[in-house]
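Written out below as structure tokens is the structure these notes cover.
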Amino acid sequence: MGQILSHLEALEAESIHIFREVFAEFRNPVMLWSVGKDSSVLLRLAQKAFYPGAIPFPMMHVDTTCKFPEMYEFRDRIADELGLNLIVESNTAALKHAPPMNKPGRYCDFCSRNMKTEALLAAIEKHGFDAAIGGARREEERSRAKERVFSFRDEFGQWDPKNQRPELWNLYNTRVHEGEGIRVFPLSNWTEADIWRYIQVEEIPIVDLYYAAERPVIEKGGCLLRADERLMTDEDEVKTEWVRWRTLGCVPCTGAVRSKATTLEEIVAEALTATHSERENRLVDQGGDSMEDKKKDGYF
Amino acid sequence: MTSPQMHEEAVEAAREILRRRMELLRFTTAGSVDDGKSTLIGRLLIDSKAVFEDQLQHVKQVTERSGREGVDLALITDGLRAEREQGITIDVAYRYFSTPKRSFIIADTPGHVQYTRNMVTGASTANAAVILVDARNGLVTQSLRHAFISNLLGIPHLIVAINKMDLVDYSEDVFEQIRGQFREWAAKLDAHDIQYIPISALHGDMVVERGENMPWYQGYTLLGLLENLEISADRNLQDFRFPVQLVCRPQTEELHDFRGYQGRVESGSVSIGDEVVALPSGLRSKVAQIVTFTGDLDQAVSGQSVTITLEDDIDISRGDMIVRPGNMPRVDNEFEAAICWMSDEPMQARKKYLIKHSTRTVRGFIKQLRYGIDVDSLHRDEEATELNLNEIGRCILKVQKPIFCDFYAHNRVGGAFIIIDELTNLTVGAGMVWRPLREPPDPAEG
């Protein structure tokens, strides 16, 4: 090892340092596990931070109930293999008000507000978590560029972008009053390319949907969506195409890209030479300040 | 959308990028809307291909909607709605791009005096600062303020980018004149590496590409300089400092007696067998193992997060520090520091605050404000009685339990602390430990 860390080694060391600060300074932290690629990296970093000890806090999956079946399978398998303390929480009470999934715009609004934001805030309150660790990255979206690594949330779980605590050096202010909380983002300084490089170098398991295969899809609003019966109307035409997913979320709002990348190496090559942002294929993130608004409300 | 055909060349290019060891460089910029800072960052991001086509498309649409043509580079870095509405930058934004050689993090900060605290924040983790100067206006307060704060926060490399050269006919004379003035002013600073580049962020000259308008300038482009700054010597590799974050005791069957100290090597390095001493207890032992998830190491260097085990069972807990017996930090409960005040409520002498230094948080108070520093004129105000938001002063602090600190100028991580108001839990100040005025310099110190 050289005297200067490579940029991936430096990012890794910073993330590990953050994980340890969380566990040392909070009473009841939790890690949010979305089962996507960023979460997979986060999980590996958590293992590294506490090794040879076990990860000392639970993993919580806030389940919108409309994730890809492959994700549930992967989640349960990994939780089992690593002996994770897994908590799954869903806002099932809201489901009876859900609009049909084949109206993706309306469904995604419903899902984002009720099944993500509300479900998360309720779960945090239910378990009394004072810190929630998540895999968001600053590079992902412009309103995230100003988010702190330790990001304060008031009693309503809300973010006030104009009134954030200054964050200097690697000295994090972790103090909160009863009912308030901190969202912690150990991957703040990672880019999508870094995530993929790290997955490759570390051989981190990820959900199969990231790899290209021939899959039945339908085309809606410029997005290639999984041909899932719940999404389809009579007009939809099912085609079989070589596709894969660059990001994973809910079935109704996460589009696939056409690709024949079947190995990790090819996926990384695509990520490093990509000309479009990974959120382009998400119905949910399109439009001006939508992320800033959602985050203020308590969205991750 | 990705091409269905994966070209072998692209795969090979990705393999090559993976094989290469890239370094990480963090730098700051500061400025407000009119001085071309956003344009410069937009230019760096676009020309280094860190902006995706759909994002660029979005910016083009917004530019056109506002009745202009082309791409308003500044829109790429626009963040929060309030900032766009008011046409100002409020807070520090972090931006990312990379070249085959280095990966870059920009701390993009506002330049106005009302946002000194944001400038200080952005500077705290930077290896370099890009100081923007408008070629038409020469040295204005804002550029000098950024240079002063960068230097105060110990940034080792200052790059003075003389921008808007297109508006002064790419004149070498203008460039030389500004360079001369800056040099003269900078003599007051203790800065070792200051470099000067003429650029036009709007047209791109000397940012990523050289352009054809300034054949008289032979040095690096801005990106070239950022890629080639010699940063290996910036790290403190002498003074081993290991603040303990956690004590790891798995107490499983296999690891029944395992007791490891988890933390980051903040400076210096440590090897197996090294004799170490724990602070504050003063108890000594030797390094038995350096444990990581991917295997044990023989040596850990500055920046690495590891788990250390010792040959003897000695009492060490979070907030303690492991160092070498022959190279100890100061163990002090009274020290001098430069403080940047970050709260609307002025700093109060003798009020109890929390001081967080490394992994140690202690109660303390400001015993005396020696003088305030005017960040614009660099004058000392010996009459100052309080520090207000965005003001910087030199103070004497007293803490209830000692901290294990270095002088900031000698060891950045070892000399930095934050001040927290115990009632509001807000971070109200940032401090850097300075050599006391009465103490002569240590001749051994470079």
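What to note about this one:
- Dimensions of the stretch A:107-238 along the principal axes, based on C-alpha atoms and rounded to the nearest Å, stand at 54, 37, 28, largest first.
- Relative contact order of chain B, defined on C-alpha pairs under 8 angstrom at six or more residues apart (%): 11 percent
- Cross-link partners of A:LYS116 among lysines (Cα-Cα below 16 Å; sequence separation of 8 or more within a chain): A:LYS67, A:LYS96, A:LYS126, A:LYS294, A:LYS295, A:LYS296
- Shown here are the Rg and Dmax of the Cα trace of the stretch B:311-362, at 15.6, 50 Å.
- The tail of the calculated P(r) for the stretch A:1-57, taken as Cα-Cα distances beyond 17 Å, holds 42 percent of the pairs.
- Peptide B:240-251 - average C-beta neighbours from other chains (10 Å radius): 3
- Chains B and A together bury roughly 7600 Å² of accessible area, counting both sides, with a 1.4 Å probe on protein heavy atoms only.
- Carbon plus sulfur fraction of accessible area for the stretch A:110-186, probe 1.4 Å, in percent: 45 percent
- Per residue solvent-accessible surface (Å²) - the protein assembly as shown, probe of 1.4 Å: 40 Å²
- In chain A the longest region clear of GluC sites (Glu not before Pro) that are loop-assigned by DSSP and have at most 16 other C-beta atoms within 10 Å covers A:1-154.
- Size descriptors for the stretch B:330-445: radius of gyration and Dmax over Cα atoms are 13.5, 43 Å.
- Sparse-neighbour loop sites [chymotrypsin sites (Phe, Trp or Tyr not before Pro); the stretch B:116-224; at most 13 other C-beta within 10 Å; DSSP]: B:TRP216
- Shape descriptor for chain A: Rg over Rh equals 0.95 (Cα atoms; Rh from the Kirkwood inverse mean 1/r).
- Annotation: the antiparallel percentage among DSSP beta bridges lying fully within chain B is about 75.
- The chymotrypsin sites (Phe, Trp or Tyr not before Pro) of the stretch A:107-193 that DSSP puts in a loop, and whose beta carbon has at most 14 other beta carbons within 10 Å, are A:PHE156.
- Percentage, to the nearest whole number, of Cα pairs in chain B over 30 Å apart: 53 percent
- Listed by chain and number, the lysines placed with their C-alpha closer than 18 angstrom to that of A:LYS48 are A:LYS37; residues fewer than eight positions away on the same chain are left out.
- B:GLN218-A:ASP160 FRET efficiency (beta carbon distance; Förster radius 60 Å; 0.05 resolution): 0.75
- Sparsely packed GluC sites (Glu not before Pro) within the stretch B:216-290, loop by DSSP, other Cβ within 10 Å at most 13: B:GLU230, B:GLU253, B:GLU254
- Residue by residue along A:159-167, Cβ atoms of other protein chains within 10 Å of the local Cβ number 6 on average.
- Links that overshoot a 19 Å alpha carbon limit, given the list A:LYS162/B:LYS356; B:LYS356/B:LYS401; B:LYS286/B:LYS401: A:LYS162/B:LYS356; B:LYS286/B:LYS401
- With both labels modelled 7 Å from their Cα along Cα-to-Cβ, the A:ALA93 to A:VAL238 distance reads 3.7 nm.
- Globularity index of the protein assembly as shown, i.e. its alpha-carbon radius of gyration over 2.2 N^0.38 Å: 0.96
- Alpha carbon convex hull of the stretch B:241-323, volume per residue in cubic angstrom: 82 Å³
- Heavy-atom accessible area order for B:THR141, B:THR294, B:THR39, largest first, 1.4 Å probe: B:THR294, B:THR141, B:THR39
- Cross-link partners of B:LYS188 among aspartates and glutamates (Cα-Cα below 12 Å; sequence separation of 8 or more within a chain): none
- Mean separation of Cα pairs under 8 Å and 6 or more residues apart, divided by the residue count, gives chain A a relative contact order of 21 percent.
- Helix B:141-152 axis, angle to chain B major axis (alpha carbon atoms, nearest 10°): 30 degrees
The values are calculated or read from the model by the stated rules, or taken from the named source; none is laboratory data. Worth saying up front: this structure is predicted, and the values here are computed from it rather than measured. Cβ: placed from backbone, ideal geometry, glycine included. Neighbour counts: every protein chain shown. The accessibility values were calculated without ligands, DNA or RNA, using every heavy atom of the protein model including side chains. Shrake-Rupley method; radii C 1.70, N 1.55, O 1.52, S 1.80 Å.
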